[in-house]
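Undergrad: Here it is: the structure, laid out below.
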């Protein structure tokens, strides 16, 4: 089968390879992948610029935003049949024994192995999955939309489960990439009164998308000072919540400037650069800083339900689908800001 493989710890060491089709081992199923979303982490893996805390194995098939259908069921698996339409969570394996797993917070399991990092991922024609990571795709939700469940779950975890947006809040979102734009949709759904999305020169098209999705204000931080804008909003004391979806460490410095006293910062983006500034404003303002990582079963179920009800709109941020052979164009379109999201089609259907 065809698979997109990172084969060495070097910039550009990614290629399409022919690899053996895996088997549905006992206790697992084989998923025939239909669509897989491109994540910013996949692009970092391409350039070997991923966070140094993300230590994986090589070679490894990339991809963790999958949607497909069950092709085979391994021995001992109950409740799933060939042909079931499914999405797969990213925690390919967990220990199931540690305190975090037992408390339902398996996304934080220290032995967790994620698809596309420590386990072969979904940018391939087939994927092996344990039943505990499977979710049924609701009727009326396409494979393309379902492949967006994972990034929406990341945004939902940050905005709802961790930081807890309250109706009437002022929410500032740093970063107009995929997670930032999806966090915008979730914040609006949660009842935020005013939303601001910040980007840079490369984000002109994505900021326009944010506006069409309902952002009250969009701003290019390379042209204007966001603090000047935020001071004119609500009571002028700052944002109730700042969502850092940039993946740039220095964004936290700006976030501390924009957040109101007793407000919150939800840090989603990975910033591998060392901090060169004081974090005393967190203390002086009594700000709550939330680290936001991954998601759990309930997050996925809620997101899929919101897709089915038409309350979240994944189709409005998917810029294009590409055959796996055109993976570099798909990655580049996101890297250059032309697409909020790109996806690879493993079934020959592209646009």
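The values are calculated or read from the model by the stated rules, or taken from the named source; none is laboratory data. This one's a predicted model, so the numbers in the text were calculated from it and none came from an experiment. Don't worry about glycine lacking a Cβ; one is built from the backbone with ideal geometry, like all the others, and counts go over all protein chains shown.
Undergrad: Which residues, taken from the stretch 40-49, are more than 20 Å from residue 16 (Cβ to Cβ) and surrounded by 14 or more Cβ atoms within 10 Å (Cβ to Cβ)? Outline the logic, then answer.
TA: First, pick out the residues of the stretch 40-49 that are more than 20 Å from residue 16 (Cβ to Cβ): 40, 49.
Within the stretch 40-49, just 40 meets the criteria.
Undergrad: In the stretch 244-288, which residues are in contact with a helix residue (DSSP H, G or I) (Cβ under 6 Å, 6 or more places away or on another chain) and within 21 Å of residue 156 (Cβ to Cβ)?
TA: Within the stretch 244-288, 244, 245, 265, 266, 268 meet the criteria.
Undergrad: Could you list all residues from the stretch 79-126 that are surrounded by fewer than 14 Cβ atoms within 10 Å (Cβ to Cβ) and outside any loop (DSSP other than H, G, I, E, B)?
TA: Answer for the stretch 79-126, where residues must be surrounded by fewer than 14 Cβ atoms within 10 Å (Cβ to Cβ) and outside any loop (DSSP other than H, G, I, E, B): 99, 102.
Undergrad: Would you mention how many residues in the stretch 56-70 are in contact (Cβ under 8 Å) with a residue 40 or more places away in the chain and farther than 16 Å from residue 7 by Cβ?
TA: Count: 6.
Undergrad: Select from the stretch 220-235 the residues that are part of a helix (DSSP H, G or I) and in contact (Cβ under 8 Å) with a residue 40 or more places away in the chain and list them in ascending order.
TA: 226, 230
Undergrad: Take residue 311 and tell me if it is touching a residue at least 40 places away in the same chain (Cβ under 8 Å) and in contact with a helix residue (DSSP H, G or I) (Cβ under 7 Å, 6 or more places away or on another chain).
TA: In short, yes.
Undergrad: Quick one: which helices (runs of 4 or more DSSP H) lie wholly within the stretch 236-351 and hold at least 2 residues that are on the phi < 0 side of the Ramachandran plot and either crowded, with 19+ Cβ neighbours inside 10 Å or within 23 Å of the chain's Cα centre (by Cα) (or both)?
TA: 251-258, 297-308, 327-335
Undergrad: Sticking with this one: Within the stretch 59-73, is even one residue within 28 Å of residue 177 (Cα to Cα), loosely packed, with under 13 Cβ neighbours inside 10 Å and assigned by TED's automatic domain parsing to the domain that holds residue 328?
TA: no
Undergrad: Among 207, 189, which is the only one that is surrounded by 14 or more Cβ atoms within 10 Å (Cβ to Cβ) and free of Cβ contacts under 8 Å to residues at least 40 places away in the same chain?
TA: Exactly one of 207, 189 is surrounded by 14 or more Cβ atoms within 10 Å (Cβ to Cβ) and free of Cβ contacts under 8 Å to residues at least 40 places away in the same chain, namely 207.
Undergrad: Tell me, which helices (runs of 4 or more DSSP H) lie completely within the stretch 138-211 with 2 or more residues that are at pLDDT 95 or above, in contact with a strand residue (DSSP E or B) (Cβ under 6 Å, 6 or more places away or on another chain) and more than 22 Å from residue 121 (Cβ to Cβ)?
TA: So the answer is 178-190.
Undergrad: Just to be sure before I move on: is residue 56 touching a helix residue (DSSP H, G or I) at 6+ places or on another chain (Cβ under 7 Å) and under 25 Å from residue 341 (Cα atoms) in the structure I sent?
TA: Taking the combined requirement at face value, the residue does not satisfy it.
Undergrad: How about the stretch 217-265: which of its residues are touching a strand residue (DSSP E or B) at 6+ places or on another chain (Cβ under 7 Å) and within 20 Å of residue 337 (Cα to Cα)?
TA: Residues satisfying the conditions are 217, 218, 219, 220, 221, 243, 244, 245, 246, 251.
Undergrad: Out of 28, 3, I need the residue that is in contact with a strand residue (DSSP E or B) (Cβ under 6 Å, 6 or more places away or on another chain) and under 23 Å from residue 137 (Cα atoms). Which one?
TA: Values: 3 fails: under 23 Å from residue 137 (Cα atoms).
Matching residue, one of 28, 3: 28.
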